[in-house]
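The values are calculated or read from the model by the stated rules, or taken from the named source; none is laboratory data. In this text the structure is predicted, and so the values were computed from the model without any measurement. Virtual Cβ from ideal backbone geometry, glycine too; neighbours counted across all protein chains shown. SASA here: full protein model, heavy atoms, side chains in, ligands and nucleic acids out. Shrake-Rupley method; radii C 1.70, N 1.55, O 1.52, S 1.80 Å.
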Amino acid sequence: MAKEKTIYTCNECGGTSPKWLGKCPHCNAWNTLIESVAESAAPAKNRFAALAKTAEVTTLADIEATDVDRTPTGQDELDRVLGGGIVEGGVVLIGGDPGIGKSTLLLQALDALERAGQKTLYVTGEESGAQVALRARRLGLDGSQVQVLAEIQLEKILATLEVQQPAIAVIDSIQTVYSEQLTSAPGSVAQVRECAAHLTRAAKASGTAIVLVGHVTKEGALAGPRVLEHMVDTVLYFEGDTHSSFRLIRAIKNRFGAVNEIGVFAMTEKGLKGVTNPSAIFLSQHAEPVPGSCVMVTLEGTRPMLVEIQALVDSGGPSPRRLSVGLERDRLAMLLAVLHRHAGVACMDQDVFVNAVGGVRISEPAADLAVMLAITSSLRGKALPKGFIAFGEVGLAGEVRPAPRGQERLKEAAKLGFSVAVVPKANAPKKAIEGLTIHPVERVEEAMEVVRALT
Ligand SMILES: Nc1ncnc2c1ncn2[C@@H]1O[C@H](COP(=O)(O)OP(=O)(O)OP(=O)(O)O)[C@@H](O)[C@H]1O
Ligand SMILES: [Mg+2]
């Protein structure tokens, strides 16, 4: 028997090294090499013989462009992030924190598809059939015809897929699946990569849409090799604060639709319910304006949403803290520097905390102006006016840059009864928006001036 050879595989890029190294020689990431077993024996000499014949090539213009067929999942918010529904032979990877509701959402979607006459298969590797049934009962999916397979061995799953030919199959989760052909442990990089590759090939060959549930690491990234994200057609992230009932699904990559689209759900006793009008769920309820709070309009994907940014500035020790929840911390440090340099607002000896209300994560720089105004408001102990919103990117030179699709943001704010807006000059609409007084600004100092005059 050939002696098994130990190699080291990088958790980030999937590259290998014959010996353990602190730094991956391929992607230079630290501490990512983990022990695995080299899977293939020495390759046969004529391994590529089959490829020696030339294959036919086609002119692009001669290839018929067929539109992809989409089947709606019955969950409008999920369809929105998928780009309209599941695609035949499409592979979706969905990741999220433990207990956020991945299994719940997918079980609901499968049940809706089954009721719409699609053949479905739910492969569970983490829970027993009885546990899945219990969840289905709690979700009110009585009499559900969804086919359930409690299995973790890849070969058996593939064989079942071939026999059953479902329109959609969910693998919950890819980390539990293992192949007999590999000697490494389930969940290891080699296993996850191999199993995902086999399942992807099966999806493309049979036309079955496959949804892979993936674990996330402590840092919140999808666990397993990075190549997993390249392999699949769509990558979705399930996020949200487990303490609040709202959940967001975000498309990070989508070969069949727009990215950065988000779907909003509320977790209820009966499972996840789509929130069709999420504009105002990320506002906390204050009877009167309070210091340190500024509402912004964020535009993720195609829908504008109003989100409250809160800041607390409090005297700190010799090394004051800067903490942010839902916003980038590096960006916070940068904004504090801009605030000091260009608006003369110093927080050097103060602890600064900022938070996006409701567990929402904001990645767009359009939040800058609202963050700055919330910080200044907290520092001065003065609330911003009632019905106030602000948005705009702030540059290192103190300039306020426009946010994409400013009109839509302003209209949404007006619709929800907001009356005063401080926005980048380039975003100021040519035609007045009813009920909204707009103060266009070009620089941070100007924005501070406007706010001082208003409060
Ligand atoms: N009886 C209940 N009433 C209301 N909500 C419940 C109830 N039981 C569970 N939940 C909700 O369902 C969530 C678990 O959802 P689910 O099992 O789908 O998560 P998951 O993302 O699949 O987790 P894992 O990563 O562990 O597989 C819980 O966090 C809780 O919010
Ligand atoms: Mg689960």
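For V235, which of the numbered conditions (1) within 16 Å of ligand 2 (Cβ to nearest atom); (2) hydrophobic (A, V, I, L, M, F, W, C); (3) under 30 Å from V357 (Cα atoms); (4) surrounded by 20 or more Cβ atoms within 10 Å (Cβ to Cβ) fails to hold?
(1)
State all residues of segment 187-202 that are open to solvent by 20 Å² or more (accessible area, probe 1.4 Å) and in contact with a Pro (Cβ under 9 Å, 6 or more places away or on another chain); if no residue qualifies, say none.
R193
With the requirement that a residue be open to solvent by 30 Å² or more (accessible area, probe 1.4 Å) and either touching a Phe, Trp or Tyr at 6+ places or on another chain (Cβ under 7 Å) or modelled with pLDDT of 90 or more (or both), what does segment 203-225 give you?
K204, A205, S206
Here's a check for you: in segment 129-142, which residue that is assigned to a helix (DSSP H, G or I) and small (G, A, S) is least open to solvent (accessible area, probe 1.4 Å)?
Initial filter on segment 129-142 (assigned to a helix (DSSP H, G or I)): 129-138.
Okay, now just the ones that are also small (G, A, S), so 129-130, 133, 136.
Working: G129: 35, A130: 73, A133: 45, A136: 17 Å².
Among them, the one singled out is A136.
Do we have Q118 as open to solvent by 70 Å² or more (accessible area, probe 1.4 Å) and free of Cβ contacts under 8 Å to residues at least 60 places away in the same chain here? Break it down stepwise before answering.
Working: open to solvent by 70 Å² or more (accessible area, probe 1.4 Å): no; free of Cβ contacts under 8 Å to residues at least 60 places away in the same chain: yes.
So Q118 does not fit the description; no.
Residue check: is G271 outside the structural domain of L327 (by TED's automatic domain parsing), surrounded by fewer than 23 Cβ atoms within 10 Å (Cβ to Cβ), modelled with pLDDT of 85 or more and within 16 Å of ligand 2 (Cβ to nearest atom)? It would help to see each step written out before you state the result.
Numbers: outside the structural domain of L327 (by TED's automatic domain parsing): yes; surrounded by fewer than 23 Cβ atoms within 10 Å (Cβ to Cβ): yes; modelled with pLDDT of 85 or more: yes; within 16 Å of ligand 2 (Cβ to nearest atom): yes.
So G271 fits the description; yes.
Which is within 16 Å of ligand 1 (Cβ to nearest atom) and hydroxyl-bearing (S, T, Y), of T176, T234?
Exactly one residue qualifies, and that residue is T176.
Condition check ((1) at pLDDT below 90; (2) aliphatic (A, V, I, L, M); (3) in the same structural domain as G224 (by TED's automatic domain parsing)) across all residues:
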site: F48; (1), (2), (3): yes, no, no
site: T59; (1), (2), (3): no, no, no
site: I86; (1), (2), (3): no, yes, yes
site: G89; (1), (2), (3): no, no, yes
site: V92; (1), (2), (3): no, yes, yes
site: D97; (1), (2), (3): yes, no, yes
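So which residues in segment 55-80 are exposed (fewer than 10 other Cβ atoms within 10 Å of the Cβ) and part of a loop (DSSP other than H, G, I, E, B)? First the steps, then the outcome.
Residues of segment 55-80 exposed (fewer than 10 other Cβ atoms within 10 Å of the Cβ): 55-67.
Matches in segment 55-80: A55, E56, V57, T58, T59, I63, E64, A65, T66, D67.
I174 - would you say it is crowded, with 18+ Cβ neighbours inside 10 Å and touching a residue at least 40 places away in the same chain (Cβ under 8 Å)? Before you say what the answer is, go through the steps one by one.
On the way: crowded, with 18+ Cβ neighbours inside 10 Å: yes; touching a residue at least 40 places away in the same chain (Cβ under 8 Å): yes.
Yes; evaluated as a whole, the condition is true for this residue.
Limited to segment 81-102, what total is found for residues that are in a helix (DSSP H, G or I) and open to solvent by less than 20 Å² (accessible area, probe 1.4 Å)?
Keep residues of segment 81-102 that are in a helix (DSSP H, G or I), which gives 81-82, 102.
Narrowing further to those that are open to solvent by less than 20 Å² (accessible area, probe 1.4 Å): 81-82.
Residues meeting the conditions: 2.
What's the number of the condition N427 fails, among (1) touching a residue at least 40 places away in the same chain (Cβ under 8 Å); (2) on the phi < 0 side of the Ramachandran plot?
(1)
In segment 158-183, what count of residues is obtained for those that are farther than 15 Å from E194 by Cα, in contact with a strand residue (DSSP E or B) (Cβ under 7 Å, 6 or more places away or on another chain), at pLDDT 95 or above and not in a loop (DSSP other than H, G, I, E, B)?
5
Does V264 qualify as being outside any loop (DSSP other than H, G, I, E, B) and within 13 Å of ligand 1 (Cβ to nearest atom)? Outline the logic, then answer.
Working: outside any loop (DSSP other than H, G, I, E, B): yes; within 13 Å of ligand 1 (Cβ to nearest atom): no.
So V264 does not fit the description; no.
Need the failing condition index for E126 against (1) within 13 Å of ligand 1 (Cβ to nearest atom); (2) of a type in the set (D, E); (3) open to solvent by 30 Å² or more (accessible area, probe 1.4 Å); (4) within 22 Å of N254 (Cα to Cα), just the number.
If we test E126 against (1) within 13 Å of ligand 1 (Cβ to nearest atom); (2) of a type in the set (D, E); (3) open to solvent by 30 Å² or more (accessible area, probe 1.4 Å); (4) within 22 Å of N254 (Cα to Cα), just (4) comes out false.
So is E155 outside any loop (DSSP other than H, G, I, E, B) and closer than 30 Å to K5 by Cα or not? It would help to see each step written out before you state the result.
On the way: outside any loop (DSSP other than H, G, I, E, B): yes; closer than 30 Å to K5 by Cα: yes.
Yes: the conditions hold for E155.
Every residue in segment 349-394 that is under 18 Å from the mean Cα position of the chain (by Cα) and basic (K, R), please.
R361
Which one of these is touching a Ser or Thr at 6+ places or on another chain (Cβ under 6 Å) and of a type outside the set (K, R): V163, V132, V148, V123? Please lay out each step first, then the result.
Numbers: V163 fails: touching a Ser or Thr at 6+ places or on another chain (Cβ under 6 Å); V148 fails: touching a Ser or Thr at 6+ places or on another chain (Cβ under 6 Å); V123 fails: touching a Ser or Thr at 6+ places or on another chain (Cβ under 6 Å).
Just a single option satisfies the conditions, and that option is V132.
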